[in-house]
Amino acid sequence: MIQPKVLRKQQIEEQLRNFYQNRSQADIEFEKEWVEETQEQAIAAWEEFPWDESK
């Protein structure tokens, strides 16, 4: 019998696979534009406020 955690993991993987395989071209283009518009700000914010507080 499949363990509940393994089954849940498989369900999530299948949902993600379906999501990414079935996106429209418009969705893909929107994501590309969003990344291009926000990437520099995200990198700058990351460098200014790093998550690793041990530094």
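The values are calculated or read from the model by the stated rules, or taken from the named source; none is laboratory data. All figures in this text were calculated on a predicted structure; none of them were measured in a lab. Side chains are part of the model used for accessible areas, which takes the heavy atoms of the whole protein and leaves out ligands, DNA and RNA. Shrake-Rupley method; radii C 1.70, N 1.55, O 1.52, S 1.80 Å.
Structure data summary
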item	result
With every protein chain in place, the chain: carbon and sulfur % of accessible area (1.4 Å)	57 percent
Range of Cα positions in the chain per principal axis (Å), largest first	48, 39, 7
Helix 4-21 axis, angle to the chain major axis (alpha carbon atoms, nearest 10°)	60 degrees
Degrees between helix 25-48 axis and first principal axis of the chain (Cα, 0 to 90, nearest 10)	50 degrees
